[in-house]
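Each remark here refers to the structure printed beneath this line.
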Amino acid sequence: MGTYLNSPNAYTLYRDETTKPYFVDKTAMIGELFPLMEQGSNYICLTRPRRFGKTMAAEMIAAFFSKAQTASDVFDRLHIAGIPGYGKHRNRYDVIHISWNELPRKCSSYEQYIERIENRLMKDLLRAYPDAGIDEAGALWDALSDVYAQDRDRRFVFVFDEWDYMFHRDFVTDADKKAYLEFLGNLLKGKPYVLFAYMTGILPIAKYSSGSELNMFLEYTMAEEDKYSEYFCFTESETDV
């Protein structure tokens, strides 16, 4: 278990949500992801305004798929348990779950921001795969490629919450924004170690990227795409008493 790789945090946070008085079961969404997991190399981004449950959905997905901890105590009693593929997919994958809205202490530059994430994930990889020949001074995508080269069955699920958070920080320059998009592209695009990538944010990718860095994502916005909409916020039937 690490900070980002197979972290138990998503399980703990989602489990706590399921015990609250106004919890609504949205786990049917997970079942819609099973075909994407089986096909491999799929990328989806769901963008919604604040307070629409994006973070809880990301925690739910990471808690379900991650090898970090057996989550049967949570999911066995929820809707997903009755969907074909439940046992096949629950807690079977190496999941890299990052909430991009966390900053270093006294953060004043993009370099501080991104280096904290790079260093933490690199430590996770070195600890989890000590025999993969990872160069600690190298890039994250090189380290992940080394892990995949050692074991071709070792592919990763990426769950990224608030991916666009840094675009709203005062210290971020236009050059930083370009560097960040290139970072995400290098990490995810065209990499055989990516089994599936799920990403959330506030505004669409096209708002920030006019290039090809993240054009592999299928994007579902509230305004233009209905798919997955019932899994965010409460529907009218869910609020009936």
Original post:
For the pair ASP25 and SER109, how long in nm is the line joining their label points, each one 7 Å along Cα→Cβ?
Top reply: 5.1
Subject >> Stretch gain in nm, segment LEU13-LYS123, where the contour uses 0.36 nm per residue and the Cα spacing is subtracted >> reply: 37.3 nm
Original post:
Over the stretch 97-148, what percent of the accessible surface lies on carbon and sulfur atoms, probe 1.4 Å?
Top reply: 41
Subject >> For VAL194, distant residues with modelled amide H under 5 Å away >> reply: PHE156
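Assuming R0 = 35 Å, what is the FRET efficiency of ASP153 and ASN215, from their Cβ-Cβ distance, to the nearest 0.05? Don't skip to the end; give the middle numbers.
On the way: r = 28 Å, r/R0 = 0.79.
Approximately 0.80, to the nearest 0.05.
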Subject >> Solvent exposure of the stretch 74-149 as accessible area per residue, Å², 1.4 Å probe >> reply: 52
Subject >> For the stretch 211-218, 3J(HN,Hα) per residue [Karplus equation, 6.51 cos²θ - 1.76 cosθ + 1.60, θ = phi - 60°, Hz, x = Gly/Pro] >> reply: x, 9, 4, 10, 6, 7, 7, 7
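Given the peptides 73-82, 200-209, arrange them by the average over their residues of other C-beta atoms within 10 Å, most packed first.
Values: 73-82: 16.0, 200-209: 18.1.
Ranking the peptides 73-82, 200-209 by packing returns 200-209, 73-82.
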Original post:
Which order, highest average first, do 30-36, 7-13 follow once you tally other Cβ atoms within 10 Å for each residue and take the mean per peptide?
Top reply: 7-13, 30-36
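Order these peptides, 189-198, 169-178, by their mean beta-carbon neighbour count within 10 angstrom, highest first. Show your work: numbers first, answer last.
On the way: 189-198: 19.3, 169-178: 12.5.
Listed from highest to lowest mean packing, they are 189-198, 169-178.
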Original post:
How high is the relative contact order of the chain, in percent, with contacts defined as C-alpha pairs under 8 Å that are six or more residues apart?
Top reply: 30
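Please tell me which of these pairs span more than 21 angstrom C-alpha to C-alpha: LYS123/LYS177; LYS20/LYS54; LYS54/LYS88; LYS54/LYS207? Present the calculation step by step, with values, prior to reporting the outcome.
Numbers: LYS123/LYS177 25 Å; LYS20/LYS54 17 Å; LYS54/LYS88 25 Å; LYS54/LYS207 18 Å.
Violating the 21 Å limit, Cα to Cα: LYS123/LYS177; LYS54/LYS88.
The values are calculated or read from the model by the stated rules, or taken from the named source; none is laboratory data. Bear in mind that the values here come from a model prediction, so they are computed numbers and not experimental data. Don't worry about glycine lacking a Cβ; one is built from the backbone with ideal geometry, like all the others, and counts go over all protein chains shown. Quick note on the areas: whole protein, heavy atoms, side chains included, nothing else; ligands and nucleic acids left out. Shrake-Rupley method; radii C 1.70, N 1.55, O 1.52, S 1.80 Å.
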